[in-house]
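Trainee: I have a structure here, written as structure tokens, and I will follow up with some questions on it.
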Amino acid sequence: MRVRRQFLVGSLLVASLRLAASDPAHAPVSAQAVDSGEAFRFLVEGNARFMEGKPSGAGRDEARRLDVAKNGQHPFATVLSCSDSRVPVELLFDQGIGDVFVVRVAGNVSDTDEIGTIEYGVGHLHTPLLVVMGHTSCGAVKAVMEGAEVHGSIPALVDNVAPAVRLARAKYEGSPRLFQEAVRMNVWMSIEDVFKRSEEVRSLVKAGKLQVVGALYVLETGAVIWMGEHPEKTRLMTPPGARPAAPGGGARPATKPAVAATKPAPGGH
Ligand SMILES: [Zn+2]
């Protein structure tokens, strides 16, 4: 970056800003055309930097702020995550301003508003990757598991979590893994809700323009455990009421899976 050094020596703020906006190293990764595999790699690498305590902090400066304000947003991933303050999505993926289109709601549920927001991210902003991310020690999942008394508008929210908890109980009742498995089931359930209720998501996946993966964030380590695509994706790709696609038909994944499922961290809560 010889040119950049010359400007820095000159200490000309305006010149530096101009350079930052035109220097590829300063350009948002999101401004480049990426596929789901590259988007996934950005998140994996960013999370590794975060875990190591060596975030790059790229894209959080004035140059990026001005760039996206002027040129619009071009995020490379849509992420549905929990509102829990311990799950700061941009920080844990070490991403900058304009990189990630984030939906945060208690229990990372997919109801009407969340699905509408997701459709904006994947359909209007064209992110090639949708990540639905739960986390260990999720209070929303725990509240449902424990049958906690909730008031106001919260019952309508946690209603979305209840089916996942029922499924987890059917398989893991009495097991120390029950809570963690309920969190994982809740991720799958959110993905299922998106597929069932969003024709746009189904058609983008079918066209190979979108990949949808689950993830689990571990509060203690900062690690994102990748769960891969929904195990029943083929079934979910079939619109409600329609007959399942013939084997090898349109329900087949159109993109090469970019994400391998990994086992949950031992000891997760
Ligand atoms: Zn939570």
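Trainee: Taking Gly174 as meeting all but one of (1) exposed (fewer than 14 other Cβ atoms within 10 Å of the Cβ); (2) at negative phi, write down the number of the exception.
Mentor: Gly174 satisfies every listed condition except (2).
Trainee: Ala106 is checked against (1) among the hydrophobic types (A, V, I, L, M, F, W, C); (2) surrounded by 19 or more Cβ atoms within 10 Å (Cβ to Cβ); (3) under 21 Å from Glu192 (Cβ atoms) and fails just one. What number does that condition carry?
Mentor: It fails just one condition, (2).
Trainee: Hey, His151 hits all of (1) touching a helix residue (DSSP H, G or I) at 6+ places or on another chain (Cβ under 7 Å); (2) on the phi < 0 side of the Ramachandran plot; (3) away from the ligand (no atom under 16 Å from the Cβ) but one; which does it fall short on?
Mentor: (1)
Trainee: Within the stretch 64-90, take every residue that is more than 13 Å from the chain's Cα centre (by Cα) and closer than 19 Å to Phe40 by Cα and give me the one that is nearest to the ligand (Cβ to nearest atom).
Mentor: Here the residue is Gln73.
Trainee: Is at least one residue of the stretch 169-178 over 20 Å from Leu210 (Cα atoms), modelled with pLDDT of 95 or more and within 13 Å of the ligand (Cβ to nearest atom)?
Mentor: no
Trainee: In the stretch 104-121, how many residues are out of contact with any Pro (no Cβ under 8 Å at 6 or more places or on another chain), more than 13 Å from the ligand (Cβ to nearest atom) and of a type outside the set (S, T, N, Q)?
Mentor: Applying the first criterion (out of contact with any Pro (no Cβ under 8 Å at 6 or more places or on another chain)) to the stretch 104-121 yields 104-120.
With more than 13 Å from the ligand (Cβ to nearest atom) added as a condition, the list becomes 110-120.
Next, only the ones that are of a type outside the set (S, T, N, Q) stay: 111, 113-116, 118-120.
Final tally of qualifying residues: 8.
Trainee: Filter the stretch 197-243 down to the residues that are buried (at least 16 other Cβ atoms within 10 Å of the Cβ), charged (D, E, K, R) and at pLDDT 95 or above and list them by number.
Mentor: Arg197, Glu200, Arg202, Lys206, Lys209, Glu229
Trainee: Tell me the residue from Ser137, Ser190 that is part of a loop (DSSP other than H, G, I, E, B), modelled with pLDDT of 95 or more, closer than 18 Å to Val87 by Cα and within 13 Å of the ligand (Cβ to nearest atom), please.
Mentor: Working: Ser190 fails: part of a loop (DSSP other than H, G, I, E, B).
Just one listed residue meets the conditions, Ser137.
The values are calculated or read from the model by the stated rules, or taken from the named source; none is laboratory data. Every value quoted in this text rests on a predicted model; they were computed, and no experiment measured them. Please note: Cβ atoms are built from the backbone with ideal geometry, for glycine as well, and neighbour counts cover all protein chains shown.
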